[in-house]
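Below you'll find the structure, written out as structure tokens, and then a few comments.
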Amino acid sequence: MSDRSNRVQAGRYRADFPDGTVVFLIGMRVNSFWRLRAWFPVFMAMPRMLRELFRHPELGLLDARTEMAWRRATVIQYWESMDKLMAYAAARDRKHLPAWTAFNRQARKGQGAVGIWHEAYTVNPATSHVVYNAMPLFGIAKATQIVPAGTP
């Protein structure tokens with residue numbers, strides 16, 4: 001991370017992002033802790049995918065962060081477009097499709113030991129409200145650009 005992303009930005013600012021930017025939430029929930037073989041491979045697949053995506057910005061990932069909770073791991077991702085997100089998800093030569101195939105195979109055996117979910121939203125600046133105050137770069141503002149709040 002750059003110094004810029006860790007430094008608190010003075011005052012209020014907002015994200016300046018292009019129409020069509022995608023907010024993608026993806027996560028897992030461990031339903032049976034004792035079934036480590038069922039959920040641990042799922043847990044370990046995401047870091048490999050994120051490394052690949054950060055190494056290849058042309059794939060469309062703008063930024064991502066991981067949030068951990070008691071039984072859950074959630075990754076919040078920002079993408080250039082839904083087309084790029086879907087292309088990555090379906091690419092046979094990338095990390096996602098083999099991981100998804102392995103998960104489905106394991107899920108049939110694991111009988112609910114781990115759950116996964118995702119939600120993807122295309123956002124439009126005209127219909128979104130994004131404001132930060134005295135925060136380091138965060139969220140969609142970190143993934144794109146910032147301007148002072150109140151700037152048209």
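So here's what we get for this one:
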item	result
Dipole-positive endmost among P125, P57, G150 within the chain (Cβ charges, Cα centre)	P57
Rounded tilt (10° steps) of 96-110 against the dominant C-alpha axis of the chain	40
The chain: angle of helix 36-55 to the longest principal axis, Cα-based, in degrees nearest 10	40
Principal semi-axes in Å for the chain [√(5λ), Cα gyration tensor, largest first]	32, 17, 13
Projected label distance in nm at M86 and V8, using a 7 Å step from Cα toward the beta-carbon	4.3
Ranked packing of 7-17, 83-93, most packed first, by mean Cβ within 10 Å	7-17, 83-93
Fraction of the pair-distance distribution of the range 86-152 above 19 Å, Cα-Cα pairs, percent	58
For N31, distant residues with modelled amide H under 5 Å away	V114, G115
Principal axis dimensions, largest first and in whole angstrom, of the range 48-125 by Cα	40, 30, 21
Surrounding net charge for Y78, when Lys and Arg each add one and Asp and Glu each subtract one, Cβ distance under 9 Å	-1
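Values quoted throughout were computed directly from the atomic coordinates according to the rules given, and no laboratory measurement underlies them. What you see is a predicted model; the values in this text were computed from it and never measured. FYI the Cβ positions are ideal-geometry reconstructions off the backbone, even for glycines, and counts take in every protein chain you see.
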